[in-house]
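Trainee: Shown below is the structure under consideration.
The values are calculated or read from the model by the stated rules, or taken from the named source; none is laboratory data. All of these numbers come straight from a predicted model, not from anything done at the bench. Neighbour counts are summed over all protein chains in view; Cβ atoms, including those assigned to glycine, are modelled from backbone coordinates with ideal geometry.
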Amino acid sequence: MAPHRAVRLSPKKPAYAVCVVGVQTYVDVRSDVPKGAKTFRVSVSSGVELSMVYDPARVTEPPDKAHWPLDASVDVTVSVGTASKDLNDLKVKVSYFGQPEDSALGHSVLYLTGIDISLDVDTERKGKAKRSKGSKKTWRWGPEGYGAVLLVNCDRDSLRSRGRDLANHQLVSLDDLKDMSPMVLTCDGPDKVFDNHKLVLNVPFSDAQRVGVFCARGGNSLSNYKQVLGPLHLSYNVERQPGEQKIRFYVEGLTFPDADFLGLVSLSVSLVDTTILLEVPVFTDTVAFRMAPWIMTPNTQPPLDLYVCSVLDSHGSNEKFLEDMSDLALKANCKLIICPWIENRNDRWIQDEMEFGYVEAPHKSFPVVFDSPRDRGLKDFAYKRILGPDFGYVTRDIPWAGASGLDSFGNLDVSPAVTVGGKEYPLGRILIGSSFPKSGGRRMTKVVRDFLKAQQVQAPVELYSDWLSVGHVDEFLSFVPTSDQKGFRLLLASPSACLKLFQEKKEEGHGEAAQFDGLEHQVKRSINELLADKNLQSDSLYVQKCIDWNREVLKRELGLTERDIVDIPQLFYLRGQHAEAFFPDMVNMVVLGKYLGIPKPFGPVINGRCCLEEKVRSLLEPLGLHCVFINDYLSYHKLLGEIHCGTNVRRQPFSFKWWHMVP
């Protein structure tokens, strides 16, 4: 270990120094020596560790390890292992000798006071601040990694608070402390040391807007917890009480990683000598934290809450749809939460408004809703109704321009855990719908894409969704859990599979069976008519090419094979330059464990059964899934959306700890 500070000795008067436990102090034994001195000898009292530092190529160690040459590069360092009981209770004595070395020419004395100063956090990621022997200044990913974690304090633990807890400079609830990471300052030593020394806690200017620190003095009163570092305070003179050896702090994160913030922050404590005009730090200890990322959960995670909107407008009521969702939630043992029309202002597209995820530290985890910038009827729902105790909120605004359709979160998905070419993504990869590369089409806003990328743990993949009128990835893909070793399948909408199915039914003699059979006020189209429709054939060929382009990207970026993909029959037609679903889009489903709420396609009925439903059942039910077909035709499909667009699901977090991965 390199010496931390230097103390110059003189035979004329004793020297005094404060020595921090575990830190080497360089002792200058050559600057002021008696005339004629050629060698020196050092003796120390019990409790002081002496080290002689020299180059063996230039210096020969004395036989008795006592008389060291003064004219060579021999450095002396001392350190202490424990804090002193009294001031100046440790002694270092240097004796100087001439030639011969019979008697000393003089002596220099250094009196030391040992003091234990250490700033400690949960470096080992076990939920408690603990003294660490390893590096506290750095942060390392992986199962053998180290470094403390901060949660962004983005929930609202007290109903008296108007906003998120991170905006409060005063503690409003003791429960809020549970969202913060512990930090302990050890300051053990004789009280008299602090008559001319002080402890100063510091946060770098660049981190002051990203972290807050509360000093804890115990007790159940909010006044016992004071914010001492944060946006309003860059430093804090620690108020140490006589005899106090441990001072506890709580640290909160104020902002998530983003394009301008890698997620790392640091705090330090300095022991400052107040007898010197410039108040030079005697010692500084620094700790590093990484802000916990916002993590999305895929369809394969078990459902907890199913959200859906109650609406009543010119398109009618969705009361029957709500009943079907209630039955589905009951089957899946999932809680149904209905957002009333007075709160959604008849905005039924709750999937587009928000995305559920979570944050996690070794000591705590809680869900966090990511509010999209679309800002339609549901724009206040997440903030007013979901933000609360242990339920966080985050958003990204677009102040300079309105949101496009691709900024809705139906255009945001995440895969299950995958391995790609030996690279593991244990938390999956985020999927974002975008324009065709370099085409200049619609694209999700940069502030959202930057935010998702900055979380680091779910490396985003951009897909091509701009070929659709609405433009969302949930219109052509979905993931479902399976009971086999793979654990999931990717479902892709497939016009080719649908036309192939219809051709098979025609060849079986069912060409007159009609699409939309059973729907009132909807023109029925027989299988023969559909197969003879050149425009539909042309549109299907174009759409299939768009989906196939995404298919190859997904296989490459998620490490999938054809065995991992299930083609769901689906037809689209072009309206201008963009495609829309010809019948209810079955991949646009809600996944609740093994229960799938699938838009009822109203396909040709053959032998009393919808052939599209039968085909989907034959594809998915052998995988351990239960297909529940739900009529969303008037209340969602005719409005260019489906069941997934009109629902949202909060799911269980991953069991995998994000800090164990290597981005």
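Trainee: Spot the failing condition for S84; the list is (1) surrounded by 15 or more Cβ atoms within 10 Å (Cβ to Cβ); (2) more than 21 Å from S118 (Cβ to Cβ); (3) not hydrophobic (A, V, I, L, M, F, W, C), and only one is missed.
Mentor: Evaluating S84 over (1) surrounded by 15 or more Cβ atoms within 10 Å (Cβ to Cβ); (2) more than 21 Å from S118 (Cβ to Cβ); (3) not hydrophobic (A, V, I, L, M, F, W, C) leaves (2) as the failure.
Trainee: Kindly indicate whether any position in the range 535-551 is among the small types (G, A, S), within 32 Å of the chain's Cα centre (by Cα) and in the same structural domain as G471 (by TED's automatic domain parsing).
Mentor: no
Trainee: Right, something else. Among the listed residues T419, T445, T395, identify the single one that is closer than 30 Å to P182 by Cα and of a type in the set (V, I, T).
Mentor: Sole residue among the options that is closer than 30 Å to P182 by Cα and of a type in the set (V, I, T): T395.
Trainee: Here's something else I'd like to know. I'm told Q544 meets every condition in (1) in a strand (DSSP E or B); (2) within 30 Å of G608 (Cα to Cα); (3) touching a helix residue (DSSP H, G or I) at 6+ places or on another chain (Cβ under 6 Å) except one. Can you identify the failing condition by its number?
Mentor: Among (1) in a strand (DSSP E or B); (2) within 30 Å of G608 (Cα to Cα); (3) touching a helix residue (DSSP H, G or I) at 6+ places or on another chain (Cβ under 6 Å), the lone unmet condition for Q544 is (1).
Trainee: Hey, another quick one. Does the range 504-536 hold any residues that are in a helix (DSSP H, G or I) and within 22 Å of L620 (Cβ to Cβ), and which are they?
Mentor: Scanning the range 504-536 gives E504, K505.
Trainee: Quick one: which residue in A6, A17, A57, A37 is surrounded by 13 or more Cβ atoms within 10 Å (Cβ to Cβ), in a loop (DSSP other than H, G, I, E, B) and not β-branched (V, I, T)?
Mentor: A37
Trainee: So which residues in the range 358-372 are part of a loop (DSSP other than H, G, I, E, B) and out of contact with any Gly (no Cβ under 7 Å at 6 or more places or on another chain), if there are any at all?
Mentor: Correct list: S372 only.
Trainee: Take the residues in the range 535-562 that are out of contact with any Phe, Trp or Tyr (no Cβ under 6 Å at 6 or more places or on another chain) and charged (D, E, K, R), then tell me which one is farthest from I432 (Cα to Cα).
Mentor: My answer is E562.
Trainee: So the check is Cβ under 6 Å with 6+ separation or different chains; which pairs have a first residue in the range 586-603 that's free of Cβ contacts under 8 Å to residues at least 40 places away in the same chain and a second one that's polar (S, T, N, Q) and surrounded by fewer than 24 Cβ atoms within 10 Å (Cβ to Cβ)?
Mentor: K600/N631
Trainee: Answer yes if at least one residue in the range 76-91 is among the hydrophobic types (A, V, I, L, M, F, W, C), in contact with a Phe, Trp or Tyr (Cβ under 6 Å, 6 or more places away or on another chain) and over 13 Å from L9 (Cβ atoms), and no otherwise.
Mentor: No, the range 76-91 contains no residue that is among the hydrophobic types (A, V, I, L, M, F, W, C), in contact with a Phe, Trp or Tyr (Cβ under 6 Å, 6 or more places away or on another chain) and over 13 Å from L9 (Cβ atoms).
Trainee: Moving to a separate point now. Quick check: is even one residue across the range 150-157 within 12 Å of P389 (Cα to Cα), over 18 Å from the mean Cα position of the chain (by Cα) and either of a type in the set (D, E, K, R) or crowded, with 17+ Cβ neighbours inside 10 Å (or both)?
Mentor: yes
Trainee: Same structure, new question: Does G114 satisfy the condition of being part of a strand (DSSP E or B) and under 54 Å from the mean Cα position of the chain (by Cα)?
Mentor: For G114, the condition - part of a strand (DSSP E or B) and under 54 Å from the mean Cα position of the chain (by Cα) - is met.
Trainee: Confirm whether E124 is under 23 Å from R248 (Cα atoms), surrounded by fewer than 22 Cβ atoms within 10 Å (Cβ to Cβ), acidic (D, E) and without any contact (Cβ under 8 Å) to a residue 60 or more places away in the chain.
Mentor: When the stated conditions are applied, E124 passes them.
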